[in-house]
Amino acid sequence: MRKILATTLTAFALGALLQTAPAQAQPDPEALMKDAHLKMYYAGDDGTARVQMTITDKKGKTRERDFVIIRKDFVEGGEQKYFVYFFEPNDVRRTTFMAWKNPDGDDSRWIYVPALDLVKPLSANDKKSSFVGSDFAYEDVSGRHWSEDSHTFVREEEKDGHQTYVIESTPKEKDYFAKKTTWIDKASGLILREEYVDDKGAELKVFESLEIKDAAGYPTATKRRMTTPRKDNNTLIVFDQITYDQGIPEEIFSERYLKSPPREYIGQ
């Protein structure tokens, strides 16, 4: 009888302990998306990289782009400016592109066409348009701001050999996609994969970080691929000669430098 009573009391105490034990809190999805965005697109106060872009169509035909990208941050997660100078191929050589990112409003963008000696402003509505004929949109170059979407934590799982957090996001306002699923690498905090789908669940595009390395103390996705399933196209970009925190002056992000690029930063 005593043995039965002791066993019953032990079971009761264990049950009470399990009932009162606090449930493990889920990660904050918005905080995870914000941190991933800052690490992907705001590493350091500024940065430069030489970029090799390969665009592959459904028949396997490829087109190459060789350019340098220069970035300067003015507000962490906020105002940011980009400058892109193209080396190859010949039909885009010396073309320059500049963007002033404004998360609170429309971005400002310009392109310099050397054959016409013309600086042309680009429409603020062009952020979803293809960047130089690739599967990356203008918005993808500087990253979609986390505040534009509502986020839900889904689960933790292993993805491509990485331990990840999985987040689902929906646009706060009507947009070109209905839902986005993001895999965030726990080790680096970077975005490992993103899948965009329409309101019928059909894939619109897929982003992947294929290689993550340390660059000057910052985890960096040095190989990135964007795929457009409907067209069976994909674009691979490889970053090299990466620098951070060079003290890049604000003045180079101007129309004057679109026509006369800063040689000390573009490498020629």
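The values are calculated or read from the model by the stated rules, or taken from the named source; none is laboratory data. Since this is a predicted model, take the numbers as computed values, not measurements. Cβ: placed from backbone, ideal geometry, glycine included. Neighbour counts: every protein chain shown.
Could you please give the count of residues in the range 104-134 that are modelled with pLDDT under 85, part of a strand (DSSP E or B) and surrounded by fewer than 17 Cβ atoms within 10 Å (Cβ to Cβ)?
0
Could you say whether any residue in the range 16-31 is outside any loop (DSSP other than H, G, I, E, B), over 19 Å from Tyr138 (Cα atoms), modelled with pLDDT of 95 or more and of a type in the set (A, V, I, L, M)?
yes
Name the residues in the range 147-183 that are surrounded by 14 or more Cβ atoms within 10 Å (Cβ to Cβ), modelled with pLDDT of 95 or more, more than 19 Å from Glu208 (Cβ to Cβ) and of a type in the set (Gly, Ala, Ser), would you?
Hit for the range 147-183 is Ala178, nothing else.
Hey, Lys128 hits all of (1) of a type in the set (Lys, Arg); (2) within 18 Å of Met40 (Cα to Cα); (3) touching a Phe, Trp or Tyr at 6+ places or on another chain (Cβ under 6 Å) but one; which does it fall short on?
That leaves (2) as the condition not met.
Here are the criteria: (1) touching a residue at least 12 places away in the same chain (Cβ under 8 Å); (2) surrounded by 16 or more Cβ atoms within 10 Å (Cβ to Cβ). Tell me which single one Ala137 does not satisfy.
Condition (1) is where Ala137 drops out.
Got a number for residues in the range 188-228 being of a type in the set (Phe, Trp, Tyr) and modelled with pLDDT under 95?
Number satisfying all stated conditions: 0.
Would you please name the residue that is farthest from the chain's Cα centre (by Cα), looking only at residues in the range 97-127 that are charged (D, E, K, R) and closer than 21 Å to Ala36 by Cβ?
Restricting to residues being charged (D, E, K, R) and closer than 21 Å to Ala36 by Cβ, the top hit is Asp104.
Report yes if some residue within the range 200-212 is of a type in the set (Phe, Trp, Tyr), in contact (Cβ under 8 Å) with a residue 40 or more places away in the chain and surrounded by 13 or more Cβ atoms within 10 Å (Cβ to Cβ); otherwise report no.
yes
Please work out if Arg94 is over 22 Å from the mean Cα position of the chain (by Cα), surrounded by 14 or more Cβ atoms within 10 Å (Cβ to Cβ) and of a type in the set (D, E, K, R).
yes
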